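Everything on this sheet refers to the single structure shown next.
The values are calculated or read from the model by the stated rules, or taken from the named source; none is laboratory data. Quick caveat: nothing in here was measured; it's all calculated off a predicted structure. Cβ placement follows ideal geometry from the backbone for every residue including glycine, while neighbour counts extend to all protein chains displayed. Calculation scope for accessible area: heavy atoms of the full protein, side chains included, ligands and nucleic acids excluded. Shrake-Rupley method; radii C 1.70, N 1.55, O 1.52, S 1.80 Å.
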Amino acid sequence: MQTKEEMDSILKALARLQARQAWVGDEPPFSMDIIDMLHSTNFRVSPRFHHSYDVVWLYEYLMKPPSRGTPANDAWKTVLDECIRLLAEKGKLVLRLRECSNLRLQDIQTFLSDNPCIDCTMVSGHEYTLEGKKTTVAVFAVTRNNINAYSSNRWTVAVHATDRNGSTIQSLKDAVARQCGNTAEVIEYGPDDSCQEAAARAGTPNLLLLESTVSLPDNFFAGFSSYGYDFDYLTVKQRTEEGEEYPSYCMDVKDKNAPRTVLMDDYNVFNKAIRPSDGILACKTHIAKAGLLDGRHIPLRINYFSTAIRHSLPQGWNKSILTAAEYQMRSGQTGLRSKLARHIPVQLKQTQLYQKTKKILSIIKEH
């Protein structure tokens with residue numbers, strides 16, 4: 001760790017560097033691109049910002065764990081994941097946090113060093129004290145591996161051929177060809193084959209693993225043009241043939257000793273229990289080849305622009321599904337502010353006034 005004077009000098013030199021710089025927040029101290037990440041769904045920003053910057057500052061807002069009485073949320077991992085995607089092949093990540101028992105600098109170092117998609121080293125840091133409160137600032141040097149794979153729009157659609165017949169496979173191939181032309185291929189892998197074995201046969205950087213009960217509407221891949229191709233592994237939205245939402249970004253819980261699936265409608269919540277739905281998964285081929293689809297080192301993301309269709313669901317399939325609000329009420333995790341928030345109309349939540357009020361309350365809470 002550096003002294004205060006040394007760290008101040010390092011930060012000033014970085015801020016004045018003639019380089020592409022991104023500021024996550026609203027009020028950069030110097031001329032930098034403003035990235036409004038924290039108000040974005042799943043903290044996802046426009047793909048035009050991806051792999052574009054030499055320095056990314058996650059400084060204006062403190063990184064901190066959730067308050068007591070709220071659901072477990074490691075959303076800081078999703079935020080860091082998106083910050084990394086802003087970086088070019090090599091760059092610096094500057095972050096500020098308030099350490100406590102639930103979030104330490106060591107946790108962030110471990111998260112970044114365990115990420116198999118980057119090489120990351122903390123190069124400087126200092127614990128500041130301001131008005132009796134301690135705040136840690138750290139600078140990380142990041143090298144992104146396989147960077148070219150994160151720009152490609154070429155796909156391999158791997159169908160888990162358990163019970164598909166030839167006409168169904170051909171129908172899927174036709175759907176993929178209509179949307180992707182010659183930038184995609186469709187392959188089949190057998191009932192006993194693993195995702196790694198499917199990835200070994202893929203000839204493109206992007207891999208879509210598909211079960212036999214899922215189909216792709218004609219605007220499916222257009223959703224990835226909006227979402228971008230800088231991802232490691234993610235799920236997509238799903239709905240039934242009747243238009244009912246099917247769990248995609250979800251977690252398994254026990255409710256009165258019965259197994260339940262919680263349909264997470266807040267994509268800005270993330271914890272170790274969050275998992276993708278069965279049926280469909282998008283990833284980079286090199287991630288699947290390395291067997292890294294378990295979510296232990298890379299946080300799951302969701303492409304909310306693309307929706308797949310679920311078929312052949314048994315009657316009563318949704319009896320074991322809970323909404324996030326139902327789960328919080330049953331488990332006693334809902335605080336007064338959350339209960340009140342549920343009664344605020346969606347239209348009001350989307351206004352700038354509501355977002356500004358939330359932001360002010362968060363800042364007050366930090367101090």
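Things to note:
- Only Cα sites of the range 195-307 enter the Debye sum here, all with the same form factor; the resulting log10 I(q)/I(0) across q = 0.11, 0.15, 0.23 1/Å is -0.36, -0.68, -1.47, listed in q order.
- Note on the range 1-159: with charges restricted to the Cβ of Lys and Arg (+1) and Asp and Glu (-1), its dipole about the Cα centre is near 200 debye.
- Top positive-direction residue, dipole computed over the chain with Cβ charges, set Ala282, Ala15, Pro116: Ala15
- For the range 94-227, a crude dipole built from +1 on the beta carbon of Lys and Arg and -1 on the beta carbon of Asp and Glu, taken about the Cα centre, is about 540 debye to the nearest 20.
- DSSP bridge pairs, the range 201-315: antiparallel proportion in percent, nearest 5: 75 percent
- In this rough spin-label picture, where each label sits 7 Å from Cα along the Cβ direction, the Asn182-Ser152 distance is 1.7 nm.
- Theoretical ellipticity at 222 nm over the chain - DSSP helices of four or more residues, -39500 (n - 2.57) apiece, nearest 500: -7500 deg cm²/dmol
- Largest to smallest in accessible area, the residues Lys256, Lys237 fall in the order Lys256, Lys237 (1.4 Å probe, all protein chains included).
- Net length gained if the chain between Thr143 and Leu353 were fully extended (0.36 nm per residue, minus Cα distance): 71.7 nm
- Taking the DSSP bridge list for the range 74-213 and keeping only pairs wholly inside it, about 65 percent are antiparallel.
- In the elastic network of the chain, a GNM with C-alpha springs shorter than 10 Å, the most mobile of Ala288, Ala184, Ala19 is Ala19.
- Accessible surface for Trp57 stands near 10 Å², nearest 10, in the context of the full protein assembly shown (1.4 Å probe).
- Candidate residues Glu326, Glu131: accessible-area rank, largest first, probe 1.4 Å: Glu131, Glu326
- Counted charge near Asn146, where neighbours are those whose Cβ lies closer than 12 Å (Asp, Glu -1; Lys, Arg +1): -1
- Size of charge dipole - the chain - debye, nearest 20, with Cβ of Lys, Arg +1 and Asp, Glu -1, no other charges: 980 debye
- Annotation: His160 carries an accessible surface of approximately 30 Å², with a 1.4 Å probe and no ligand, DNA or RNA atoms counted.
- In sequence order, the range 257-268 has phi-based couplings of 6, 9, x, 9, 10, 9, 7, 7, 8, 9, 6, 8 Hz under the Karplus curve 6.51 cos²θ - 1.76 cosθ + 1.60, θ = phi - 60°, and Gly or Pro positions carry x.
- Amide H contacts of Asp255: Arg260, each under 5 Å away and 5 or more positions distant or on a separate chain (H built 1.01 Å from N in the peptide plane; Pro and chain starts excluded).
- Restraint check, Lys4/Lys77; Lys4/Lys90; Lys134/Lys237; Lys12/Lys133; Lys12/Lys272, Cα-Cα greater than 30 Å: Lys134/Lys237; Lys12/Lys272
- When you restrict to C-alpha pairs under 8 Å that are six or more residues apart and normalise by the size of the chain, the relative contact order lands at 16 percent.
- Label corresponding to mean projected area of the Cα convex hull in nm² when calculated from the structure given, among (1) 21.8; (2) 20.1; (3) 18.9: (2)
- Note on the chain: antiparallel DSSP beta bridges, both residues inside, total approximately 55 percent of the bridges counted.
- Selection from Leu210, Thr240, Ser225 lying farthest towards where the dipole of the range 151-299 points positive, charges on Cβ: Ser225
- Here Lys289 is the anchor, and the aspartates and glutamates within straight C-alpha reach of less than 18 Å, apart from those fewer than 8 places off in the same chain, are Asp114, Glu185, Glu188, Asp192, Asp193, Glu197, Asp230, Asp232.
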